[in-house]
Amino acid sequence: MEYAIEFHNVTFSYEDAPSPALADINLRIAPGETVLITGPSGAGKTTLAGCLIGLVPHFHEGRLEGEVKVLQRDIRRSRIGAMASRVGLVFQDPESQLVTASVLDEIAFGPENLGVPREEIGQRVSDAIKVARLEGYENREPINLSGGEQQATTIAAIYAMHPEIYVMDEPTSNLDPLGTKQVLSLIVEVAKKRGKTLVIVEHKLEEVLPLVDRVVVMDKGRIIRDGSVREVMAQGDIPGVFTRPPIIQVADWLGLDDLPLTADQIQPMIADRLTTISPAPALDPNHVTPAAEPVIEVSDVWYSYSQDTPALRGVNLTVRQGEFVAILGRNGSGKTTLARHLIGLNRPDRGSITVLGKPVAQASVIELAQRVGFCFQNPNHQMVSFYVKEELAFGMKVRNYSDEQIEQASREALAFVGMTEYIEAEVFSLGKGLAQRLALASVLTLQPDILIVDEPATGQDPHMAIEIFELIQQLNQGGKTVLLITHKFDLAARYALRAVVMNQGRVTYDGPFSGILPNQEFLHENSLDQPQITRLAAGLGSYGVPPWIVTADQMINKLDQAVRQQP
């Protein structure tokens, strides 16, 4: 049998790296197969994906042993340009893949270079724009788009090239929940219709597992599991490496032989085993907004990047001392734009903003940065130094901290984010997950009163994402006011005290998560999506299961009550 992808005893080490990025990889993928590659950050997934287009070994310096064949071609003997016409790779960092001045040109760039006839290019571009939900963005500059919009643009650009093999390296890390669901479904549908091979590198197991044929789990450069979805899920969790979605954890706890992947699949399996338990409270008792003095007041704020499309439309928002507020909504809804106003990077066309009792219009960016810490969605946008130690010290030196204060604050901040051993490391040698942590640490050295964090889970595996949310929760419990912009709806509902949903520059909801979690219609209108465990809770409401459940442990606790009460 001829395989689309073959790895034979492949080991690859980056130059000067202490250990191999890939170690003794043997993998065969058949034509038309849809494969998920998952595992913790640093497992070697991106390196493996880079082999498929020849970035390894032709671009990334290092030593490659063994053989990699893609479409029967040895990658050692194939140019990257030649491979790019047959293998479409969506990078983990979309910004590094953008090369033109408009979304339309970006999508047309690949087909044009492949010599596709003009009429067909037009049709491909039109189809790709619809797939990626980019209508109205055709003339926007990709470099000025949000991270999610950039990611959608790169997906559309690869889609328009009609490659033989699609390779998606975390293609939805910056997309909103509904966009994630739609884009993944469409990518898989197109690949299957065209009979193309699809390799997806992803952490979002809940969304991806129902769509793929096979799962490959990696850790420390090695393949540690490889099989059908149900085979791999049946083998259980691997602590610190691989955690199955909550629905499968619940099914496993119930002892179900056929492990379901969705709420619709599991509900009929368990409903007849339950009896009614005590009714759930109307609101989640753990998510109560504190009554305190306002520290942020946004009044009727309007803002436009251009005269045609306002980015903010009459936004009103009050945040009180000690709150933990999650700002949610689809890509391009105005979340980051609003956050930038709070630190003076944008100034409103109309309306007013007060932060910590002072109008933002009367404060400089430097003054605001002392009391309002801002972690950017792309951590590289706020890095100004070559070494971690220098990056941590930069803000403190500007404010004339002593050497002793800088040393102490730097070590405390690194210890808090779990990066003590990286104090002498080079900033740009860090992966995106560690860079996110460094950005947070550098902000914490200044001890801000308010912390604004934009998409902290981007580039983090599930365990790291939970760790970063727990770090932010600790800061909030220590007295800091937190505004968190995120697409991780399940984690936001688990940790934040309040949800603010934005859509087309407006606030469409402001209140507890329990007010929106059961409302699938509202969530859909705002490009959010119920976690599968919450959807199951909604289906079991008649048994007393509360509708705001977002974790397997919460569900198991409620089901345990119901199961024990059966005669």
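Tallying residues that are within 23 Å of H463 (Cα to Cα) and either in a loop (DSSP other than H, G, I, E, B) or hydrophobic (A, V, I, L, M, F, W, C) (or both) within the stretch 241-262 yields 14. When residues in the stretch 387-400 are screened for being over 15 Å from L434 (Cα atoms) and either surrounded by fewer than 18 Cβ atoms within 10 Å (Cβ to Cβ) or among the hydrophobic types (A, V, I, L, M, F, W, C) (or both), 8 of them pass. Considering only residues of the stretch 59-74 that are in contact with a Ser or Thr (Cβ under 9 Å, 6 or more places away or on another chain) and assigned to a strand (DSSP E or B), which is nearest to Y3 (Cα to Cα)? Residue satisfying both the conditions and the ranking: V70. Of a type outside the set (F, W, Y), at pLDDT below 95 and either in the same structural domain as G148 (by TED's automatic domain parsing) or under 11 Å from the mean Cα position of the chain (by Cα) (or both): does that describe E455? It is true that E455 is of a type outside the set (F, W, Y), at pLDDT below 95 and either in the same structural domain as G148 (by TED's automatic domain parsing) or under 11 Å from the mean Cα position of the chain (by Cα) (or both). Restricting to the stretch 28-57, and then to whatever is within 27 Å of the chain's Cα centre (by Cα) and assigned to a strand (DSSP E or B), can you tell me which residue is farthest from R225 (Cα to Cα)? So the residue we want is T34. Inside the stretch 331-360, residues that are in contact with a helix residue (DSSP H, G or I) (Cβ under 8 Å, 6 or more places away or on another chain) and farther than 18 Å from K480 by Cα make up a count of 11.
Name the residue that is farthest from L491 (Cα to Cα), counting only residues in the stretch 439-457 that are out of contact with any Asp or Glu (no Cβ under 9 Å at 6 or more places or on another chain) and part of a loop (DSSP other than H, G, I, E, B). Residue satisfying both the conditions and the ranking: L446. All conditions in (1) part of a loop (DSSP other than H, G, I, E, B); (2) modelled with pLDDT under 90; (3) exposed (fewer than 14 other Cβ atoms within 10 Å of the Cβ) hold for I366, with the sole exception of (1). Among the residues of the stretch 497-506, are any under 30 Å from L254 (Cβ atoms) and assigned by TED's automatic domain parsing to the domain that holds A435? No, there is no match, as no residue in the stretch 497-506 is under 30 Å from L254 (Cβ atoms) and assigned by TED's automatic domain parsing to the domain that holds A435. Filtered by the rule that a residue be in contact (Cβ under 8 Å) with a residue 60 or more places away in the chain, touching a Phe, Trp or Tyr at 6+ places or on another chain (Cβ under 9 Å) and not in a helix (DSSP H, G or I), the stretch 481-496 gives T481, V482, L483, L484, T486, A496.
Looking across the stretch 14-67 at every residue that is among the small types (G, A, S) and buried (at least 20 other Cβ atoms within 10 Å of the Cβ), the one that is farthest from G431 (Cα to Cα) is identified as G54.
Condition check ((1) part of a helix (DSSP H, G or I); (2) closer than 27 Å to L342 by Cβ) across all residues:
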site: E412; (1), (2): yes, yes
site: E421; (1), (2): yes, no
site: I468; (1), (2): yes, yes
site: Q474; (1), (2): yes, yes
site: G479; (1), (2): no, yes
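Screening the stretch 341-359 for residues that are more than 14 Å from D300 (Cβ to Cβ) and among the hydrophobic types (A, V, I, L, M, F, W, C) and picking the one that is surrounded by the fewest Cβ atoms within 10 Å (Cβ to Cβ) gives L345.
When you look at A499, is it touching a residue at least 60 places away in the same chain (Cβ under 8 Å), surrounded by 22 or more Cβ atoms within 10 Å (Cβ to Cβ), small (G, A, S) and closer than 25 Å to P171 by Cα, yes or no? So A499 fails the test. Restricting attention to the stretch 217-240 and to residues that are part of a loop (DSSP other than H, G, I, E, B) and small (G, A, S), the residue that is farthest from L261 (Cα to Cα) turns out to be G221. Only a single item in (1) at pLDDT 95 or above; (2) closer than 24 Å to A457 by Cα is not met by I343, and it is number (1). Being acidic (D, E) and part of a loop (DSSP other than H, G, I, E, B) holds for only one residue in D553, D529, and it is D529. Condition (residue is buried (at least 19 other Cβ atoms within 10 Å of the Cβ) and at pLDDT below 90) applied to the stretch 305-323: is it met by at least one residue? Looking for residues that are buried (at least 19 other Cβ atoms within 10 Å of the Cβ) and at pLDDT below 90, one finds none in the stretch 305-323, hence no.
The values are calculated or read from the model by the stated rules, or taken from the named source; none is laboratory data. Only a predicted model underlies this, so the values are computations on that prediction, with no experimental measurement involved. Note: ideal-geometry Cβ built from the backbone for every residue, glycine included; neighbour counts use all protein chains shown.
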